[in-house]
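Scroll down for the structure; my scribbles are underneath it.
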Amino acid sequence: MSRLASLVGLAAVLASSASGQSVQSLLLPDLLDSRTPSARLASRVAQLNDEAVLQTALGNFGAAAAAGGMATYVADLDSGLQPIPPATANEVHVVSFYEGAPAPLGQPRTANVTVTQSGAPITLFLNCYETISWTINPLPPGTTLQEIVLISYDPQLLAGVPPGVPVTQLDLNNGGTYYGGPEDMEGRVDIAAECLVRWGRFATTFTGAYTAPASAVEIGPGSADWRKSYAIGFAEAQVATLCVGTAANQYATFGADVYIPLLTPSMQSFFGSTTPILANPFGALSGPLLSVSGALQYTFDDNLTVYVLGSSGVPKTLNVQTLAQTNLPSLPVGMTAISNPKGLTYDSFRNRLLLSTTGGVGYLYTFDVATSTWGVLASLAGKDLAAICYDPGVDLTYGLDVGVFGGQLNIVRYDATGAQSGPASTCGLNFWGYGFYNHQMYLSNGKLIAIGPGKQIFGSLVLRQCFVIDPANGDILSATFLLT
């Protein structure tokens, strides 16, 4: 068996063992990929091999060889069979801990950093929450530092800085903060934004953990974690350059999945109006269509009457001409009160609204449009659905289960009686934020489009993750983002 064939097989095994799903991260920046570093790297290697297969089929043997050869090179960077190139100008390497390694009683916890990445001077960016006594170990020959930036929540101690290396220290008293560790998707995004603002580029590597180890943390080729972080960033750049055919297939396959998401207030703000836009999975296709006060979910019936669910928790009809909202009739006396409603959809087969709640065990409510009467369809038995969507093609309602405190994204199916239809499907990726933030889900061309809560970056821009999901098995077919 050839080395390339072996790597193709290895990448497939790694990708399947990581999530068990066909997660397509071709168009997903690594910053928005919630999987482990090993799974993220395996996905990039698999994408390069996919491009090699496609270009071979098209007869473009030079492009196929370039993509396949790069897959081999990336895998060898990770394993150590291929040496890490010397640093180029302006490399930024981030180390993040929530707390330092244990220290004697009364003394601050510690962290030791050894820099071995040779070549051009590098920038060392340190980030943490609790007070740590940092030590920069002596630099080996050929290794130099451009500067050290230490940003933290609590004040820090720093020793071992080589003579002449400038140091910037910021803590809670002068604008510092803890962004999060490399295992934290939000932390990676916040670190990237800070690097972009401060240096005009992303970090080359981002390593660390919740607790610093007692031994020294190496920033250089001798550390397997650091090599993997380097390989991920390198591989992502190669995928963007070489995987033109498979990227074009993604656009061709899902570009027609047009939907109307609601640009609701971001995670950092629970207040403000909502603006629907026209979009496909790859971005906005229009500006704001209108502005709706407080709407978090919407659906419409066969007569094109629009219903919205807002922050007040009361379902309403929306007059799209005047933007006036009118409450639906109240629940009858004795019916279980609606508590923390999250999902709203329309069952066109039965001319009824479905409303899901997360208060207590959670319930599916029905509202008969013809008779304007409420009913309780079923208990959700503790499942906190962040959004729901009805599919008339299979007469099922899909629930988006992201967990109260975030975590793995799941698709749950319910039949017409509100009973769960089969086991939930795990999707392989997850959204940032908690379950109580606003999530959305829409049906387009038989596929689900799930939108995560918005996260503010650079002040006014808002970033939302966007997944195209096969409702039959939960596979994520396309993973992208909306930037508005």
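The values are calculated or read from the model by the stated rules, or taken from the named source; none is laboratory data. Just so you know, these numbers come straight off a predicted model, no measurement behind them. When we count neighbours, we look across all protein chains shown, and the Cβ atoms used for this are built from the backbone with ideal geometry, even at glycine. Protein only, heavy atoms only, side chains kept; ligands, DNA and RNA dropped before computing areas. Shrake-Rupley method; radii C 1.70, N 1.55, O 1.52, S 1.80 Å.
Quick notes on this one:
- Reciprocal mean inverse distance between Cα atoms of segment 227-349 - Kirkwood radius, Å: 17.8
- Those residues of segment 345-377 whose amide nitrogen sits under 20 Å from the label point placed on residue 327, 7 Å along Cα→Cβ: 353-359, 365-369, 371-376
- Ordered by solvent-accessible area of protein heavy atoms (1.4 Å probe), largest first, the residues 205, 88 come out as 88, 205.
- Ellipsoid semi-axes in whole angstrom, largest first, where each is sqrt(5λ) of the Cα gyration tensor of segment 418-459: 25, 14, 10
- Accessible solvent surface per residue of segment 366-484, calculated while the other protein chains remain in place, 1.4 angstrom probe, Å²: 33
- Dimensions of segment 332-455 from C-alpha coordinates, computed as largest minus smallest value along each principal axis and given longest first, are 40, 32, 27 Å.
- Segment 66-198 - convex hull of the alpha-carbon atoms, volume per residue in Å³: 148
- For residue 87, nonlocal amide neighbours, meaning residues 5 or more places apart or on other chains whose placed amide H falls under 5 Å from its own, are 118, 119, 120.
- Peptides 229-237, 443-451 ranked from most to least packed by the mean count of surrounding Cβ atoms within 10 Å: 229-237, 443-451.
- Residue 260 - accessible surface, heavy atoms, 1.4 Å probe, Å² rounded to 10: 60
- Taking the Cα centre of segment 335-408 as origin and assigning +1 to Lys and Arg Cβ atoms and -1 to Asp and Glu Cβ atoms, the resulting dipole is close to 120 debye.
- Whole-Hz ³J(HN,Hα) from phi, Karplus 6.51 cos²θ - 1.76 cosθ + 1.60, for segment 406-413, glycine and proline x: x, x, 5, 7, 10, 10, 10, 10
- Backbone geometry of segment 375-390 corresponds, through the Karplus equation with coefficients 6.51, -1.76 and 1.60 at θ = phi - 60°, to 3J(HN,Hα) couplings of x, 9, 7, 6, 7, 8, 6, x, 7, 9, 7, 7, 6, 9, 8, 8 Hz, x marking Gly and Pro.
- Per-residue HN-Hα couplings for segment 68-84 [Karplus 6.51, -1.76, 1.60; θ = phi - 60°; Hz; x = Gly/Pro]: x, x, 5, 4, 5, 4, 5, 4, 6, 4, 5, 7, x, 5, 10, x, 5
- At q = 0.16, 0.19, 0.29 Å⁻¹, base-10 log of I(q)/I(0) for segment 383-434 (Debye sum, equal scatterers on each alpha carbon): -0.44, -0.60, -1.13
- Among the trypsin sites (Lys or Arg not before Pro) found in segment 113-217, those both in a DSSP coil and sparsely packed, with 14 or fewer other Cβ atoms within 10 Å of their Cβ, are 201.
- Residue-averaged 222 nm ellipticity for the chain, from DSSP H runs of 4+ at -39500 (n - 2.57), nearest 500: -7000 deg cm²/dmol
- Summing +1 for each Lys or Arg and -1 for each Asp or Glu among the other residues whose beta-carbon sits under 13 angstrom from that of residue 395 gives 0.
- Magnitude of the charge dipole, segment 187-337, Cβ model with Lys/Arg +1 and Asp/Glu -1, debye to 20: 260
- Cα-centred dipole magnitude for segment 375-484, charges only on beta-carbon of K, R (+1) and D, E (-1), debye, nearest 20: 320
- Heavy-atom accessible area per residue - segment 125-276, 1.4 Å, Å²: 43
- Each listed q (0.10 Å⁻¹) maps to a log10 I(q)/I(0) for the chain from the Debye sum over equal C-alpha point scatterers, namely -0.84.
- Dipole axis of the chain (+1 Lys, Arg; -1 Asp, Glu on Cβ), positive-most option in 153, 134, 229: 153
- Over segment 188-234, relative contact order from alpha-carbon pairs under 8 Å, at least 6 apart, %: 31
- Positive-end ranking of 255, 424, 410 along the dipole of the chain, with charges on Cβ about the Cα centre, is headed by 255.
- Accessible surface of segment 104-143, 1.4 Å probe, proportion on carbon and sulfur as whole %: 59
- In Å, descending, principal axis extents of the Cα set of segment 95-170: 38, 23, 19
- Working from Cα pairs under 8 Å separated by at least six residues, relative contact order for the chain is 12 percent.
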